[in-house]
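Below: the structure, in structure tokens.
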Amino acid sequence: MKKSLFILFAFSLLLMSFQCDDEPSEVIINNNFEATVSNGSITLNDTLWITGRVSSQAFNETLGDSIPSDFNRDLISIYRLRSADNQSNSVDAINNFEIIEKVGQTSPLGACPNGGLSIEGILSDDSSEYIYRIGLKPTIEGDFVLNWDFDTSLTNIDRNTEILSNYPVDGNPNTIEFDNCGIVSTLPNIDTSDQLYFFSVE
């Protein structure tokens with residue numbers, strides 16, 4: 001009898017472990033940042049300001065309800081445009097700017113610190129959203145492009161895409177080739193992306 005009870009107990013534990021494994025994990029959907037860039041043309045004495053904000057709430061699809069979110073990071077790459085003569089028509093360029101942290105904090109992105117910035121927003125006073133405000137103060141003149149690496153929405157209607165026409169790739173004025181620490185990736189048509197923002201430093 002004791003042996004039968006032990007087998008029954010062990011079998012019930014085994015059944016419970018299978019049930020636990022089959023339980024679906026929670027599906028959390030975070031909101032994406034919205035970003036705004038201050039101006040499309042600046043001088044060496046100016047600062048280009050980037051403001052980002054995202055809701056501090058996420059949606060728990062499993063529960064069907066909103067929950068607090070700790071998703072507060074945005075990712076931006078900065079490139080300087082250049083002639084495409086046998087090379088890409090843009091190159092990583094964070095070192096061409098002084099980074100000003102007015103709201104939030106920045107840190108180099110991954111293995112290529114000159115290519116990207118990780119920006120950490122801070123919680124607003126009413127705890128409804130995470131916010132950052134970062135300034136780029138140029139140290140050289142030239143044409144540049146910002147590229148958001150997450151699904152960030154740009155609120156700027158005009159993204160100054162005509163600037164790229166001065167740097168064609170094989171005669172194509174809408175192609176951009178990003179050189180990030182020597183690794184080149186190509187976007188054949190910039191019209192397919194709404195996460196690029198071009199600007200000039202005069």
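The values are calculated or read from the model by the stated rules, or taken from the named source; none is laboratory data. Note that this is a predicted model, so its numbers are computed, not measured. Cβ: placed from backbone, ideal geometry, glycine included. Neighbour counts: every protein chain shown. All accessible areas refer to the heavy atoms of the entire protein, side chains included, with ligands and DNA or RNA removed. Shrake-Rupley method; radii C 1.70, N 1.55, O 1.52, S 1.80 Å.
State, as an integer percentage, the relative contact order of the chain based on alpha-carbon contacts under 8 Å between residues 6 or more apart. Once normalised by length, the contact order is 25 percent.
The magnitude of the dipole of the chain, with charges of +1 and -1 set on the Cβ of Lys/Arg and Asp/Glu and taken from the Cα centre, is near 600 debye. The stretch between S185 and E162 holds 6.2 nm of extra length on full extension. This uses 0.36 nm per residue minus the Cα-Cα distance. The modelled label-to-label distance between S128 and D194, using points 7 Å beyond Cα along the C-beta direction, is 2.3 nm. In order along the range 177-192, the phi-based Karplus estimate (6.51 cos²θ - 1.76 cosθ + 1.60, θ = phi - 60°) of 3J(HN,Hα) comes to 10, 8, 9, 10, 6, x, 9, 9, 10, 10, 10, x, 9, 5, 5, 7 Hz; Gly and Pro are listed as x. Scaled to the globular estimate 2.2 N^0.38 Å, the Cα spread of the range 159-202, given as radius of gyration, is 1.15. Between Q105, Q57, Q87, the Gaussian network model of the chain with springs among Cα atoms under 10 angstrom shows the greatest mean-square fluctuation at Q87.
Taking a probe of 1.4 angstrom, what is the accessible area of V184 in Å², to the nearest 10? Ignoring ligands and nucleic acids, V184 comes out at about 80 Å². Roughly what angle does helix 2-22 make with the longest principal axis of the chain, taking Cα atoms, 0 to 90 degrees, to the nearest 10? Here the helix axis deviates by roughly 20 degrees. Mean-square fluctuations from a GNM of the chain, with a 10 angstrom spring cutoff on Cα atoms, peak among G40, G64, G116 at G64. Modelled spin-label separation between I99 and S153, with each label point placed 7 Å from Cα along the Cα-to-Cβ direction: 2.6 nm. Running a GNM on the chain with Cα contacts under 10 Å, which residue among G142, G115, G104 ends up with the highest mean-square fluctuation? Most flexible of the set in this elastic network: G142.
In the range 20-131, one over the average inverse separation of all distinct C-alpha pairs is 16.7 Å, which is the Kirkwood hydrodynamic radius.
Counted residue by residue at 0.36 nm each, then reduced by the alpha carbon distance between them, the extension gain from N174 to I67 reaches 34.4 nm.
Carbon and sulfur together cover what percent of the accessible area of the chain at a 1.4 Å probe radius? Answer for the chain: carbon and sulfur cover 51 percent of the accessible area. Zone of E26 (label point 7 Å along Cα→Cβ, backbone N under 15 Å): which residues in the range 47-81? Answer for this model: 57-71.
In the range 72-202, taking the dipole from charged Cβ atoms about the Cα centre, the farthest positive-side position among I122, Q195, P168 is held by I122.
What per residue convex hull volume, in Å³, do the alpha-carbon atoms of the range 118-202 yield?
With only Cα atoms used, the range 118-202 gives 142 Å³ per residue.
Would you indicate which of [x] 1.20; [y] 1.44; [z] 1.03 is the value of Cα Rg over 2.2 N^0.38 Å derived from the coordinates of this structure? Of the listed options [x] 1.20; [y] 1.44; [z] 1.03, [y] comes from this structure. Here r is the Cβ-Cβ distance between R82 and N60 and R0 is 35 Å; the resulting FRET efficiency, rounded to 0.05, is 0.15. Calculated accessible area for the chain comes out at 57 Å² per residue, all protein chains present (probe 1.4 Å; ligands, DNA, RNA ignored).
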